[in-house]
Amino acid sequence: MPKFIANLFALALLAGCAVGPDYSRPPTPQPAEFNATHTSGSFEETEAVFWQGFEDPLLESLIRETLFANQSLLSTMARYWRASALLDGARRDQLPSVTAEAAATEAWPSALERATTGANLERFETYQGNLVASWELDLFGRLRRISEARQADLAAQEADLQALRVAMVGQTASSYFLLRGLQTQHRIAEQNVALREDSLAIVNARVGAGRGTEFDRVRARAQLQRARAELPLLEADIQTTMHRIAVLTGQEPTALIAELSKAQPLPAVMPAIPVDSPADVLRRRPDIIAAEQRLAAATARVGVAVADLFPRFTLGGLLGSIAGDPDDLFSAPAESRSVMLGIDWTFLDYGKVQARIAAADAESLSLLFDYRQAVLTALEETESRLVQYDRIQAQRQHLEQATEEALQAVDLARLRYDGGFIAYIEVLDAEQELASARDAAVRSRTAEAVSMVDVYRTLAGAPAVPR
């Protein structure tokens, strides 16, 4: 090997620097704690409470199906595998590449070729076998920066996968609670129908006894039909929600109708939600991780662009054999060797290189702002979800108390109407108030369960699953 090539080879082994900026995490706002009311404790230590705290095996089964069979998750996982393969390729580009070549040639030269070469051969054969090695000497870190960018791309794709897991699990749990809430609303609507039927029976009895009016009977019938009219829409919403849950779990829309049709109550008690510090939440949230890794990848690609200002050195070698007879291949006289140093330098395209560097810098700056916005959005979302969950709990308590009071008011109104102390319109008002209170209470309990899921999603609470 020529001495200058040997020296360059040694320099390549010792080179440890790479042109372009090195990535460092930018500073971000991190308040000491969230303002919203919350329970204390470590979120990570009690994360399993979210899935097990409801003691609902069907819900846990649906979440597992979502994690393993949701088509959007599988698509994102495939993109993760692609990013992993691209990283593997970038790392291999830093190593020498070796290829094997073989050829067999049979030729019939023309008379002019025979006269020119002096070889009076009307036909000849050539057999050749080579091992060709090539290695880009990464003196300025271009390949290392490409590998850094691919590594960050892979980390961002992994974070995207985890973020989608959180989102899909949250949608499954929310849809499940929405279904149970709709089924409870349907049961309450049936109770309201029964209440109206009882009321109509009372009116009919009073009219038959000469103590009621036809006007009261018509009003009672109208209220009964109005109560019955609420059932079909609730039934449609129930079916639609079942379809949604099935698709989230990677199944056909009607696959879970038989399993989900059996109504179950909403959870009576919500599991406790411990909330870590804002710094812990930001560290755990996959959307923040993804945004930061994309910034790191863009920073590395600035180095790739800067490396184009410097020459690229490629070391090549060939070890082969060429003979006119296949039996002579790989014999000493047929041996062929060569060593080559290639230099590729685009210094004459300096303006184009500077333009690519400027574009890479602008991309990095854009992703820096995206990262900062992602942090601010995460803090805002967490604060808002915690406040919302706390207020929904207070609302639900008031509505449950209102329902109890409205039920007593209906009983009292019927007694007073039966005694002739009030008009039937006052009974209708009391019954309407009870129906509204019941409906509002179950809607509030549904919203509380969905809001709790939103809090866990905001805190990046999703179980890890094997890839």
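As a summary of the residue check, Arg356 satisfies the conditions (1) under 23 Å from Thr299 (Cα atoms); (2) not in a helix (DSSP H, G or I) except for the one numbered (2).
Selection of the range 357-377 for residues being over 12 Å from Ile288 (Cα atoms) and among the charged types (D, E, K, R) yields Asp361, Glu363. What number goes with the only condition from (1) of a type in the set (S, T, N, Q); (2) over 23 Å from Glu33 (Cα atoms); (3) in a helix (DSSP H, G or I) that Gln393 does not pass? Gln393 satisfies every listed condition except (2). When you check Glu433 against the structure, is it assigned by TED's automatic domain parsing to the domain that holds Arg25, of a type outside the set (S, T, N, Q), within 45 Å of the chain's Cα centre (by Cα) and at pLDDT below 90, yes or no? Criteria met by Glu433. Taking (1) in contact with a Ser or Thr (Cβ under 6 Å, 6 or more places away or on another chain); (2) within 30 Å of Arg416 (Cα to Cα) in turn, Gly181 satisfies each apart from (2).
Contact map, the range 261-276: first residue within 15 Å of Asp454 (Cβ to Cβ), second residue acidic (Asp, Glu) and not in a loop (DSSP other than H, G, I, E, B), Cβ cut-off under 7 Å, separation 6 or more or different chains; pairs are Met270/Glu448. Do we find that Gly41 is at pLDDT 80 or above, surrounded by 11 or more Cβ atoms within 10 Å (Cβ to Cβ) and of a type in the set (Gly, Ala, Ser) in this structure? The answer is no for Gly41. Only residues that are more than 28 Å from Glu125 (Cβ to Cβ) and free of Cβ contacts under 8 Å to residues at least 40 places away in the same chain were counted in the range 305-348, giving 8. Against the test of being in contact (Cβ under 8 Å) with a residue 12 or more places away in the chain and either buried (at least 18 other Cβ atoms within 10 Å of the Cβ) or under 30 Å from Ile63 (Cα atoms) (or both), the options Leu233, Leu248 yield a single qualifying residue, Leu248. Among the residues making up the range 311-330, those that are over 27 Å from Pro96 (Cβ atoms) and either assigned to a loop (DSSP other than H, G, I, E, B) or of a type in the set (Asp, Glu) (or both) are Gly324, Asp325, Asp327, Asp328.
When the range 70-85 is limited to residues that are in contact (Cβ under 8 Å) with a residue 60 or more places away in the chain and hydroxyl-bearing (Ser, Thr, Tyr), the one that is farthest from Ala173 (Cα to Cα) turns out to be Ser84.
Check Ala173, Ala220, Ala194 and return the single one that is loosely packed, with under 14 Cβ neighbours inside 10 Å, in the same structural domain as Ser436 (by TED's automatic domain parsing) and out of contact with any Asp or Glu (no Cβ under 6 Å at 6 or more places or on another chain). Quick ask: steps written out before the conclusion?
Details: Ala173 fails: loosely packed, with under 14 Cβ neighbours inside 10 Å; Ala220 fails: loosely packed, with under 14 Cβ neighbours inside 10 Å.
Checking each option against the conditions leaves just Ala194.
When the residues of the range 345-398 are filtered to those that are within 29 Å of Arg438 (Cβ to Cβ) and charged (D, E, K, R), which remaining residue is nearest to the chain's Cα centre (by Cα)? The qualifying residue nearest to the chain's Cα centre (by Cα) is Arg385. Residues in the range 279-314 that are surrounded by fewer than 20 Cβ atoms within 10 Å (Cβ to Cβ) and either more than 30 Å from Leu58 (Cα to Cα) or of a type in the set (Phe, Trp, Tyr) (or both): 8 in all.
Can you tell me which residue among Arg445, Arg414, Arg457, Arg438 is in a helix (DSSP H, G or I) and either touching a strand residue (DSSP E or B) at 6+ places or on another chain (Cβ under 6 Å) or at pLDDT 90 or above (or both)? Can you show your working first?
Numbers: Arg414 fails: either touching a strand residue (DSSP E or B) at 6+ places or on another chain (Cβ under 6 Å) or at pLDDT 90 or above (or both); Arg457 fails: either touching a strand residue (DSSP E or B) at 6+ places or on another chain (Cβ under 6 Å) or at pLDDT 90 or above (or both); Arg438 fails: either touching a strand residue (DSSP E or B) at 6+ places or on another chain (Cβ under 6 Å) or at pLDDT 90 or above (or both).
Within the list Arg445, Arg414, Arg457, Arg438, the selection yields Arg445.
Within the range 412-451, the set of residues being out of contact with any Gly (no Cβ under 8 Å at 6 or more places or on another chain), surrounded by fewer than 19 Cβ atoms within 10 Å (Cβ to Cβ), charged (D, E, K, R) and over 18 Å from Arg196 (Cβ atoms) comprises just one member, Arg416.
Closer than 30 Å to Ala236 by Cα and not hydrophobic (A, V, I, L, M, F, W, C): does that describe Pro267?
On the way: closer than 30 Å to Ala236 by Cα: yes; not hydrophobic (A, V, I, L, M, F, W, C): yes.
In short, yes.
Residue-by-condition table, conditions (1) outside the structural domain of Asp280 (by TED's automatic domain parsing); (2) at pLDDT below 85; (3) of a type outside the set (Phe, Trp, Tyr):
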residue: Val306; (1), (2), (3): no, no, yes
residue: Asp328; (1), (2), (3): yes, yes, yes
residue: Pro333; (1), (2), (3): yes, yes, yes
residue: Val339; (1), (2), (3): yes, no, yes
residue: Gln354; (1), (2), (3): no, no, yes
residue: Ser364; (1), (2), (3): no, no, yes
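Considering only the range 117-145, state which residues are at pLDDT 90 or above and touching a helix residue (DSSP H, G or I) at 6+ places or on another chain (Cβ under 6 Å). The one that is at pLDDT 90 or above and touching a helix residue (DSSP H, G or I) at 6+ places or on another chain (Cβ under 6 Å): Arg145.
Condition check: touching a strand residue (DSSP E or B) at 6+ places or on another chain (Cβ under 9 Å) and in a helix (DSSP H, G or I). Does Leu139 satisfy that? Lay out the reasoning, then the answer.
Working: touching a strand residue (DSSP E or B) at 6+ places or on another chain (Cβ under 9 Å): yes; in a helix (DSSP H, G or I): no.
For Leu139, the condition - touching a strand residue (DSSP E or B) at 6+ places or on another chain (Cβ under 9 Å) and in a helix (DSSP H, G or I) - is not met.
Only one of these is over 30 Å from Gly20 (Cα atoms), among the charged types (D, E, K, R) and either outside the structural domain of Gln293 (by TED's automatic domain parsing) or surrounded by 14 or more Cβ atoms within 10 Å (Cβ to Cβ) (or both): Glu400, Glu380. Name it.
Values: Glu380 fails: either outside the structural domain of Gln293 (by TED's automatic domain parsing) or surrounded by 14 or more Cβ atoms within 10 Å (Cβ to Cβ) (or both).
Going through Glu400, Glu380 in turn, just one is over 30 Å from Gly20 (Cα atoms), among the charged types (D, E, K, R) and either outside the structural domain of Gln293 (by TED's automatic domain parsing) or surrounded by 14 or more Cβ atoms within 10 Å (Cβ to Cβ) (or both): Glu400.
The values are calculated or read from the model by the stated rules, or taken from the named source; none is laboratory data. Everything quoted here is computed from the prediction, not taken from an experiment. Neighbour counts run over all protein chains shown; Cβ positions are idealised from the backbone, glycine included.
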